[in-house]
Every structure is written in C-alpha cells, then in structure tokens.
1. Scan the stretch 153-174 and tell me whether some residue there is over 20 Å from V56 (Cα atoms) and more than 18 Å from the chain's Cα centre (by Cα).
2. Need the failing condition index for V59 against (1) part of a strand (DSSP E or B); (2) within 30 Å of V255 (Cβ to Cβ); (3) touching a Leu at 6+ places or on another chain (Cβ under 7 Å); (4) not aromatic (F, W, Y), just the number.
3. Just the residues that are open to solvent by 50 Å² or more (accessible area, probe 1.4 Å), closer than 16 Å to W288 by Cα and touching a residue at least 40 places away in the same chain (Cβ under 8 Å), please, taken from the stretch 8-24.
4. Mind listing whichever residues of the stretch 295-322 are on the phi > 0 side of the Ramachandran plot and free of Cβ contacts under 8 Å to residues at least 60 places away in the same chain?
5. Return the pair list, or none, for Cβ contacts closer than 6 Å from residues in the stretch 121-141 that are under 23 Å from R229 (Cα atoms) to residues that are among the small types (G, A, S) and surrounded by 14 or more Cβ atoms within 10 Å (Cβ to Cβ), at least 6 apart or on different chains.
6. Would you check if T130 is closer than 17 Å to E45 by Cβ and open to solvent by less than 40 Å² (accessible area, probe 1.4 Å)?
7. Can you tell me which residue in the stretch 102-125 is surrounded by the most Cβ atoms within 10 Å (Cβ to Cβ), limited to those that are modelled with pLDDT of 95 or more and farther than 21 Å from P308 by Cβ?
8. Filter the stretch 278-322 down to residues that are in a helix (DSSP H, G or I) and among the basic types (K, R) and give me whichever is nearest to V87 (Cα to Cα).
Amino acid sequence: MALFDLPLDELRTYRSTSPEPEGFDAFWSKTLQEAREHDLDARFEPVDTGLATVRVYDVTFAGFGGHPVKGWLTVPAAATEPLPVVVEFVGYGLGRGLAHEHLLWASTGRAHFVMDTRGQGSGNGGGGATADPVGAGPSYPGYMTRGIESPETYYYRRLFTDAVRAVEAARTHPLVDPARTAVTGISQGGGITLAVGGLVPDLVAVAPDVPFLCHFPRAATVTDRHPYREIGLFLRTHRGRTEDTLRTLSYFDGVHFAARGSAPALFSTALEDLTCPPSTVFAAFNNWAHDDKEIEVYDFNDHEGGGPYQEAAKLRWLRSRL
C-alpha cells in the first residue's frame with residue numbers, strides 16, 4: 001500500500017475541526033460516579049503457570065454497572081515492595097489471552113496488569129473471559145455500532161469505564177505503587193489508553209500505539225477498512241442517521257480525551273496504516289494537552305506499526321518516567 005493520507009509535514013500540524021460535544025465532562029463524570037457506586041471488589045487469585053521468574057494473579061473486579069471484568073496481574077517473582085505498574089489494554093476482538101502471553105513488562109521489574117475486554121476475546125490469541133451482559137439495538141456486526149443510538153447506551157461507554165476501573169483495581173494490590181502508574185495499548189488498546197489518559201488525572205505516562213477510536217468523522221470516510229468501515233455500513237442501511245451517529249461517537253473520540261491529557265505521552269503511527277489512518281492519530285497527538293509528548297513515525301508500515309521496534313522505544317522512553 002502506497003502512502004494515502006496527508007504528507008508528513010502536514011500531519012505534523014494537522015488538527016481535527018470536529019467540535020467537542022456539549023457536556024462531555026459532565027457525561028464522563030456522571031458515568032464514572034455511577035460506576036463507583038459499585039464496590040470495586042478487586043480479587044487477586046494466585047495462578048500456577050509453571051513460570052519461575054514471575055508471579056501471576058487471576059484478577060476479577062467490578063467494571064461498568066458492577067459487571068465482573070477479568071484481568072491478569074504479573075509481578076516479578078522476587079518482588080516484596082510496591083512496584084511501578086503498567087496497565088495494558090488490548091486490540092479489537094482480543095481478550096486478555098493466557099497468562100504466559102504477557103511477560104515483557106514484568107521482565108523489566110515492574111508490575112503489569114492486562115485488562116480483558118468485555119464481550120470480545122474470540123478473534124485471536126488465548127481468548128477472553130469477560131461477558132458484556134448489556135443488550136443493544138440493531139447494529140452492524142462488530143462492536144463499533146453496538147448501542148450507538150445514544151452515548152448512554154454505546155458499547156465503548158462500558159469499555160472505557162471498565163478501563164478506568166482496571167487502573168483503580170491494579171492500584172489496590174499491595175505490590176503496586178499507585179503513584180507510579182502508566183497505561184499503554186495498541187490499536188483499540190491505544191484508543192482505550194487515550195480515554196484513560198483523559199479521565200485519570202494522576203498517571204505518570206501514557207503510551208498509545210497506532211491508536212484506534214480517534215477523529216471519527218475523518219476515519220469513517222478516509223478508509224474503507226474495518227473496524228471503521230462498520231460505521232459506514234451501518235449508515236448505508238440506517239439512512240438519515242449520520243448526524244446522530246456522529247454525535248454519539250463524539251463522546252468517545254480520542255481527540256477530545258487528548259485535550260485532557262495530563263501526563264507525558266509517547267504515541268506511534270504508521271504512514272501506510274489503513275486501519276488507523278495517520279491523520280486520525282496525529283489529530284489526537286496534536287491535541288494532547290501535556291507539553292511532554294513524542295510520536296514515533298513508521299514510514300512504510302501498515303497497522304503493525306513499529307511492532308518490536310516500538311516496544312523497544314517504549315522501554316527506553318519509560319526508563320526515566322516509571
């Protein structure tokens with residue numbers, strides 16, 4: 001795939017012109033307040049994985065609506081004092097997988113918490129273990145249009161709330177230092193990372209890779225690759241609902257969460273990425289509020305982005321921050 005989006009010099013200054021929806025902060029404040037009316041009830045059950053250098057805990061906590069959400073907490077086997085923690089969110093269709101799939105961050109001497117994704121987890125890898133017990137109106141197959149009738153019923157309201165609660169749950173473990181928390185994720189996980197970065201004010205680092213769920217009005221028209229294409233296919237059938245659909249999506253746009261980013265951030269993007277077009281990523285990056293921000297650009301890559309090279313970049317970047 002040749003370069004298809006804006007030239008890099010234009011991307012460096014590209015801004016979204018999509019207006020922030022009325023009551024954005026009030027909507028999310030109310031959403032999180034309602035979630036916190038349920039006891040977090042974070043439980044950590046030790047798991048015998050056969051791994052000698054780490055300890056793993058099977059985690060359950062109360063997410064949106066008090067619904068049980070799963071996760072893995074992995075810590076170095078010799079840990080006795082509270083550690084900095086990296087909370088990770090996973091890509092579209094994926095779940096938390098199996099415990100041995102997540103060893104990078106614990107190998108650095110940090111704690112690592114990976115959140116399962118409600119209703120997903122059957123697309124690849126080791127699967128997921130968290131149901132989404134909330135129903136939805138008519139939608140196109142996938143997750144992008146589930147409950148899209150309103151911000152209150154939209155699927156990602158539940159998922160973003162789960163993610164904030166995952167940070168809160170991770171911070172309750174005695175081997176985690178709550179004051180040293182970073183969040184990261186790739187693709188959908190990157191979009192969730194942006195949401196958490198805008199909703200949790202006391203993080204020390206935010207690292208979204210090739211983030212999804214950014215600048216919806218452009219994303220839905222500049223690429224025909226899924227998952228963004230789900231929006232267009234929904235609207236192809238539900239004619240006349242474009243304005244209402246974009247209004248709902250505006251409450252979940254990474255561009256608006258970025259405007260509230262209060263921690264140092266490392267983004268990544270790929271210039272041939274048809275899944276998360278670079279202009280949508282730069283729209284969020286350029287709107288990130290904290291002055292300490294960087295973006296790694298991979299010129300001839302698609303949605304794989306930097307892959308292991310970006311992991312190495314994050315390891316270097318976090319060394320002085322977490």
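The values are calculated or read from the model by the stated rules, or taken from the named source; none is laboratory data. The structure presented is a predicted model; accordingly, all values stated were derived computationally and were not measured. Every residue, glycine as well, gets a Cβ built from its backbone with ideal geometry; the counts of neighbours run over all protein chains shown. Keep in mind that these areas ignore ligands, DNA and RNA; they rest on the heavy atoms of the full protein, side chains included. Shrake-Rupley method; radii C 1.70, N 1.55, O 1.52, S 1.80 Å.
1. Yes, the stretch 153-174 contains a residue that is over 20 Å from V56 (Cα atoms) and more than 18 Å from the chain's Cα centre (by Cα).
2. The failed condition is (2).
3. R12, T13, R15, P19, E20
4. G307
5. Correct list of pairs: G121/G95; G121/G127; G121/G128; G123/G93; D132/G119; A136/G147.
6. yes
7. Selected residue: M115.
8. For the stretch 278-322, the residue satisfying everything is K314.
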